[in-house]
Amino acid sequence: MMEEKFVLKLIDKQQIPETEPERQYYFMDIAREYAKQIAGAKGSPLTFHVSTFGCQMNARDSEKLTGILETIGYVEEDSEKADFVLYNTCTVRENANNKVYGRLGYLSGLQKKNPFMMIGMCGCMMQEPAVVEKIQQSYRFVSLIFGTHNIYKFAELMATAMENTFGPQRKKGSSMTIDIWKDTDQIVEDLPVERKYSFKSGVNIMFGCNNFCSYCIVPYVRGRERSREPKEILREIERLVADGVVEVMLLGQNVNSYGTNLETPMSFAELLKEIENIEGLERIRFMTSHPKDLSDELIEVMKHSKKICKHLHLPLQSGSSRILGLMNRRYDKEHYLELVEKIRAAVPDIALTTDIIVGFPGESEEDFAETLDVVRKVRYDSAFTFIYSKRTGTPAATMQDQVPEDVVKERFDRLLKEVQEIAAEKAGALTGQTLPVLVEEQNGQDERLVTGRLSNNATVHLPGSPELIGKIVNVTLKECKGFYYLGELA
Ligand code: SAH
Ligand code: SF4
Ligand code: F3S
């Protein structure tokens, strides 16, 4: 016998508010009502799972999406058994895209077994028209696609997707809801947001990027740089602190250019000084710093701050001034090395980490040797190394002299070896000292241990109970094992 198909009863919408965030709160009520109907037909509460790829920006966006889903009445489910699976995608390198298509095939199998299942796709990959076209053609079971500029509209998009997927008007084959914007200058504040940890949180201070490094797709998929008003940032952090947060990570593609486009311009260093004054906040981290905009003023603030952590992520990309020019990075090898010297003079025990790309078009053995030279001079605590990935639409994609794959691979292996050797030599430098550790979680392997981080971001395991989670405690670092410390409460 055929089971009768569930049909959603649509709500007649009157007086939809035109301003944000009021409009979204209106749609949250509608979506909540729809979720109730669907859950009623299913016989249990609706569940969701958000899979996040890419950088801290995407991680923070996922927390916002989660906040809205929970407000609508969905319950988080850890595996992909969920009734709503949302992929928040990254497209910074080509191989990230291929993985997503593979996963979609797998999800379609799950959907065949669950008539109440919806699949959503969002994030940077969706800002590429060719990707959306491919999903429309080959993955017609996807219910909802949206991009990076309209995530604040998620409640409204969910209500529409539920109507299109389960309502009386649904079409045979595909009832995809698609909403992609090219760009926006709108920043909507005061929407519900979840966070992964109770005691630490990311805080967006700006969105987008204006730098157009010639290899990078981010400015095309995240739009132009927009800074949040300082008062909104401070208000958000104050609220987080009142809610138990002791550490914030300020997020932007280039935090050093924060505030230039505000009505009343403010520098990143000035913003940091204001954040430093928030009582109850213990630690401040930020990401990412572009070397071309790292000011002396910022170094001064870091030198005198009691809260800014002793860790700076300062992407190098290449050590060759010639390649840096082709990359449109707007600094050279000498400037980068001078910066490192200044920072180390101001904050002697700071940990430095970086990003390096190998095999940028035209990179010669001499250029690569310059990269190795910087790595040996700076001696990074750790480095993310990437093989150059050609992104269609970026200037580098059409440059002459793309480096052959085997040459790149060989250089990559040499770089990785160098980076790892130095990191191993540097790990353990603090053994014997007693330092504050923010305890973050119970150790996955040994439940008698908890795991936390030093100001310089190094990992520490120590005996202790889960009550310590979220607290900053003094720990004596007894020994270093590989890349982490073993310590004891002091
Ligand atoms: N805004 C940050 C970086 C964001 S992308 C910054 O400027 O530092 C993170 C890293 O991915 C970059 O630092 C770069 O090293 C790497 N990356 C970006 N585009 C890439 C590409 N086309 N191929 C390989 N790596 C890339
Ligand atoms: Fe990409 Fe450069 Fe912008 Fe970073 S600063 S996001 S590498 S364009
Ligand atoms: Fe990826 Fe988008 Fe971040 S492309 S690295 S998720 S800004």
**Complete:** Per the filter on region 313-328, residues in contact with a helix residue (DSSP H, G or I) (Cβ under 9 Å, 6 or more places away or on another chain), outside any loop (DSSP other than H, G, I, E, B) and within 12 Å of ligand 1 (Cβ to nearest atom) are Q317
**Request:** For region 38-53, indicate whether the set of residues that are over 20 Å from E156 (Cβ atoms) and within 16 Å of ligand 1 (Cβ to nearest atom) is non-empty.
**Result:** yes
**Message:** I need the full set of residues from region 300-319 which are open to solvent by less than 10 Å² (accessible area, probe 1.4 Å) and over 24 Å from G452 (Cα atoms), in order please.
**Reply:** P315, L316, S318, G319
**Message:** Just to be sure before I move on: is R239 open to solvent by 10 Å² or more (accessible area, probe 1.4 Å) and in a strand (DSSP E or B) in the structure I sent?
**Reply:** no
**Fill in**
Apart from one, (1) polar (S, T, N, Q); (2) at pLDDT 95 or above; (3) open to solvent by less than 60 Å² (accessible area, probe 1.4 Å); (4) at negative phi all hold for N443; the odd one out is (2)
**Prompt:** Somewhere in region 99-112, is a residue at pLDDT 95 or above and either in a helix (DSSP H, G or I) or within 14 Å of ligand 3 (Cβ to nearest atom) (or both)?
**Reply:** no
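Filter region 53-89 for residues that are aromatic (F, W, Y) and within 12 Å of ligand 3 (Cβ to nearest atom); which is nearest to L144 (Cα to Cα)?
Filtering first and then ranking leaves Y87.
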**Prompt:** Would you pick out the residues in region 48-61 that are away from ligand 2 (no atom under 16 Å from the Cβ) and open to solvent by less than 10 Å² (accessible area, probe 1.4 Å)?
**Reply:** F48
**Message:** Could you list, ordered by first residue, the pairs with Cβ atoms under 9 Å in which the first is in region 321-339 and in contact (Cβ under 8 Å) with a residue 12 or more places away in the chain and farther than 19 Å from G359 by Cα and the second is open to solvent by 60 Å² or more (accessible area, probe 1.4 Å) and in a helix (DSSP H, G or I), at least 6 apart or interchain?
**Reply:** L337/K377
**region 371-400: number of residues that are over 18 Å from T288 (Cβ atoms), open to solvent by less than 70 Å² (accessible area, probe 1.4 Å) and more than 16 Å from ligand 3 (Cβ to nearest atom)** = 6
**Request:** Return a yes/no flag: does region 174-192 have any residue that is closer than 27 Å to L8 by Cβ, away from ligand 3 (no atom under 16 Å from the Cβ) and small (G, A, S).
**Result:** yes
**Request:** Consider G259 carefully, then state whether it is small (G, A, S), more than 30 Å from F360 (Cα to Cα), touching a residue at least 24 places away in the same chain (Cβ under 8 Å) and open to solvent by 20 Å² or more (accessible area, probe 1.4 Å).
**Result:** no
**Message:** From the list V92, V75, exactly one residue is aliphatic (A, V, I, L, M), open to solvent by 10 Å² or more (accessible area, probe 1.4 Å) and more than 16 Å from ligand 2 (Cβ to nearest atom). Which is it?
**Reply:** V75
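The values are calculated or read from the model by the stated rules, or taken from the named source; none is laboratory data. In this text, all values refer to a predicted model and were calculated from it rather than measured experimentally. Neighbour counts run over all protein chains shown; Cβ positions are idealised from the backbone, glycine included. Ligands, DNA and RNA are excluded from the accessible area calculation, which covers all protein heavy atoms including side chains. Shrake-Rupley method; radii C 1.70, N 1.55, O 1.52, S 1.80 Å.
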